[in-house]
Every structure is written in structure tokens, then in C-alpha cells.
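One structure below.
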Amino acid sequence: MDAETDGFTAFDGERCVAQGAKRDVALKLKRDGRTENVLIFDDATGRQVDFDLTGSEAEMLARLDVPAATPPARTASPARGPGRPKIGVVAREVTLLPRHWDWLAGQPGGASATLRKLVDAARAANGGRDRARKAAAAADRFMLAMLGDKPGYEEAARALYAGDGAAFGKRIAEWPGDLRAYVQRLAEPAFAR
């Protein structure tokens, strides 16, 4: 599972005890009786998250907003209003200088179409750098939470942000196995520049 998925990883001390989708992690922790003293991390961001594992499995899953194993009953579609809801258009305010609005007004398709094209082009051009930056931030958040007191943390963080995979690997080599493996998985895209 890569950092782009909706995955979670749970640790009991230095040991990984569950990994996967939110539903799977919550159920494993609940069934194993691990409802306390477990730290759960979002694989996409490296942030610690809390799951309320109290009550029955059905109650727990309802709180987590995780659909049950049975598909929900079909409901009628809400009435559609004006706009283009099928493609998920969201209206927000954009503040530009008059010269920017003038330039946008002269573009084929209008301001909205031109802005969408510019954003898509920037995302394509910067995709690798953005993934690397997000991976480094996620790995560092996890390292700070779980490994911030370990020898080599600061040097590992510097190597991470410098994109130096060899130095990073050397600095984390002595860290506990499950924690090291997870931080390596989070950091991997940071070194693919």
C-alpha cells in the first residue's frame, strides 16, 4: 500500500500490530482487544489519528463512518441544480489583479477553463516534486512522534529533506525494525526525485 491510499498503520509500542484500510485496522484492533495504548497513523500524512474503538463492532464502525459489509439501500438521487455537478465543480473566490482578469478574459473558454488548464499543467509539471515533498513531510511527522528521541533523528530528518536516501538509510539503520520499515515506506517517494 503506498502513501496515496487511504491506509492506516497501528503500533503497540515499537511493534506494528495492524495495517490497512480504516475498517480493517479498527476491526483487527477491536478483535485483538487492543483498544488502549495503541497509536494509529494515517499512511498518507504520517499524522497520528484516533479511532474510538468502544462499543460493539457495528457501533464502532458507525462512528468511524465506515460502511458496513452489506451495501446500503439505494435512495433516490437529489434534484440537480444549475452548474456541472457531474464533474465536481466547486465555486470559490479567486482574487487577482486587474491585469490578470484582463488576460483571463481574453483566453478561449473564459477564466474558469483557463484557470483549470493552468492548474492541471502545474500539477503535471510539479507532480514528482509535490509527491516527494508530501512524502518527506509525512515521514518526518511519524519520525518526530515515534522516533524523535532516537539517536540519529535530526541527521535522518536532514537527509530526508535533502533527498539523500543513502544518508537517510544509514541514520535509521539501528532503529527498531517495524518503526524503521514504516518510516522507510513513508519516505520512499521523497527519494524518487
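The values are calculated or read from the model by the stated rules, or taken from the named source; none is laboratory data. Note that the structure is predicted; figures quoted are calculated from it, not measured. Cβ coordinates were reconstructed from backbone atoms using ideal geometry, including for glycine residues, and neighbour counts include every protein chain displayed.
Set side by side, the residues R123, R141 differ, and just one is on the phi < 0 side of the Ramachandran plot and within 16 Å of the chain's Cα centre (by Cα), which is R141.
Within the stretch 155-193, the residues that satisfy the criterion of being among the acidic types (D, E) and in a helix (DSSP H, G or I) are E155, D178, E188. Restricting attention to the stretch 134-154, the residues that are among the basic types (K, R) and surrounded by fewer than 16 Cβ atoms within 10 Å (Cβ to Cβ) add up to 0. Within the stretch 25-40, residues that are in contact (Cβ under 8 Å) with a residue 60 or more places away in the chain reach partners that are in a helix (DSSP H, G or I) and not hydroxyl-bearing (S, T, Y) with beta carbons closer than 8 Å, at six or more positions or on different chains, in the pairs L39/A145; L39/M146. Looking at T114, T95, just one residue is more than 30 Å from E14 (Cβ to Cβ) and either hydrophobic (A, V, I, L, M, F, W, C) or assigned to a helix (DSSP H, G or I) (or both), and that residue is T114.
Residues in the stretch 3-53 that are exposed (fewer than 15 other Cβ atoms within 10 Å of the Cβ) and assigned to a helix (DSSP H, G or I): D24, R31.
Applying the set (1) modelled with pLDDT under 90; (2) closer than 30 Å to F41 by Cβ; (3) surrounded by 10 or more Cβ atoms within 10 Å (Cβ to Cβ) to G169 leaves exactly one unmet item: (1).
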